[in-house]
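K.L.:
Quick one: the structure is below, questions incoming.
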Amino acid sequence: MKITDIKCAVLGENPIVRITTDAGIDGYGEVENSKSYLKPHVLFYKPYLLGADPTNVESVMLRIRRLGGFKPWGSAVSAIEMALWDIAGKAAGVPVYKLLGGKVRDKVRVYNGGVRFPMQGSSPADYAENMVKMKAAPEKFTIIKQGVGFHSAMPYEVQNFTFGEVQPSRFHDNRGLLTERGLNHVIACVEAMKSVLGDEVGLALDCGPGWMVPDAIRFAKALESMHIMWLEDLLTGDYTPHVSADVYREVTRSTSTPIHTGEQIYLRHNFKDLIEKHAVNIIGPDPADIGGLAELKWVAEYADLHGILIAPHGIFDGLIGLAGLVQVCATLPANFIAFEYPVARPDWWYTLLEGLPNPIVVDGFIQVWDTPGLGVRFKEDVAKKYLAKEDEGFFD
Ligand SMILES: [Mg+2]
């Protein structure tokens, strides 16, 4: 089998990769939404891929893997990798999880980072009210993640929150020491959320990046009695193009509250220090940024070997990304906690595909399906209506 074309169309906000072959089998991958600018980056790889046998996934990846980077520059490579697995699975007549080593669970736990309701403000009461709504969501998530600190509106809405200069972009680029009032405010909001969730639903906190080490340690220690699932991206994360394992280690070694990072990190090599130095308790790679499904699987196994847990990121990965997450997470060892449930935007995305369960999430879990490849197919007649003029030929 040979690759005959690589196409990319932006559907809604998500760039979609389609790889076609001379056997009439095609495969799909998806890039996070808000990254429509990556379409040319996907097509950049085309000359490297034409003529290759897509069922030899690793051999194809060797052609392009070095030409990627930390988020967002690993996204195109990752989406291509998923599309290759989709083809390989369809060609073999098996779901992708079989090709990744086979499943060890029939349903995968998801956590809620994306089924959200607008915050009314940044007070403890606002956080509690918002958590009441998230707890009542029909998906019955068993873990909910909420943004606090620099990963929230607090720097803008809480007076005298930080000694740092508050940045205007609201793109998680704030950084600096918190004031005593600022830190106490974050802790009060966490207490308010815990008073709603009790011990029925786990609470994870997306915190930064941008915290300074003394604040990170004070904060993590203050929460120790609250049994928080994890503190995510306190120091680096999101679009930070480096890891800072030694600095994370200083925080992690000082507290029993689990410390988490990794959503922006590309390739196993960049997880090596975090894992081998035991710099965090939990890693959170995103299959749409780390380099794909097999890369995530490898890193999960290596983390398990070192007593480190994994809770993959995925909020913006869309429905094809969701399919990839289900396939790979079904195969992960017992260090797997849950992956972040992607929400498709706009809503019409849910009419474009067949193959997903309905409802998708039941009691906080997704049942693993057994259809070949990633197991989702476009209803092309429906999807075509949402293609831009320049992408008209995407399904041809
Ligand atoms: Mg995050």
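What follows draws every value from the coordinates through simple rules; no lab data is involved. Owing to the predicted nature of the structure, the values given are computational and were not obtained by experimental measurement. FYI the Cβ positions are ideal-geometry reconstructions off the backbone, even for glycines, and counts take in every protein chain you see.
K.L.:
With each pseudo-label sitting 7 Å past Cα toward Cβ, what's the residue 221-residue 177 distance in nm, one decimal?
P.N.:
1.6
K.L.:
Of the listed peptides 1-11, 353-363, what is their order by residue-averaged count of other C-beta atoms within 10 Å, with the highest listed first?
P.N.:
1-11, 353-363
K.L.:
Which of the peptides 15-27, 173-185 is most tightly packed, and how do the rest follow, going by the mean number of other Cβ atoms within 10 Å of each residue?
P.N.:
Output ranking for 15-27, 173-185: 15-27, 173-185.
K.L.:
Let me spell out the model: positive unit charges on the Cβ of Lys and Arg, negative unit charges on the Cβ of Asp and Glu, origin at the Cα centre of the range 99-374. What dipole size does that give, in debye rounded to 20?
P.N.:
With Lys and Arg at +1 and Asp and Glu at -1, about 260 debye.
K.L.:
Taking only DSSP H segments of four or more residues, each worth -39500 (n - 2.57), what value at 222 nm results for the chain once the sum is divided by all its residues, to the nearest 500 deg cm²/dmol?
P.N.:
Per the formula, -9000 deg cm²/dmol.
K.L.:
How big is the Cα convex hull of the range 243-288 in projection, averaged over all directions, in nm²?
P.N.:
Convex hull of Cα atoms, orientation-averaged projection: 2.9 nm².
K.L.:
List every DSSP H helix in the chain whose Cα atoms extend 20 Å or more along the helix's own long axis and whose mean Kyte-Doolittle hydropathy is at least -1.0.
P.N.:
75-92, 180-197
K.L.:
Another question, then. Placing +1 on the Cβ of each Lys and Arg and -1 on the Cβ of each Asp and Glu in the range 99-374, which of 254, 372, 123 has its Cα farthest towards the positive end of the resulting dipole?
P.N.:
It is 254.
K.L.:
Using a Förster distance of 30 Å, how high is the FRET efficiency between residue 92 and residue 382, based on the Cβ-Cβ distance and rounded to 0.05?
P.N.:
Given R0 = 30 Å and the Cβ-Cβ separation, E is 0.60.
K.L.:
What is the distance in Å between the Cα centroid of the range 129-160 and that of the range 181-208?
P.N.:
One Cα centre to the other: 8 Å.
K.L.:
For the range 78-142, what is the Kirkwood hydrodynamic radius in Å, using each pair of distinct C-alpha atoms?
P.N.:
15.3
K.L.:
Right, another one. Can you tell me how the chain classifies by the Cα gyration tensor, rounded, prolate or oblate, using a/c under 1.5 as the rounded cut?
P.N.:
prolate
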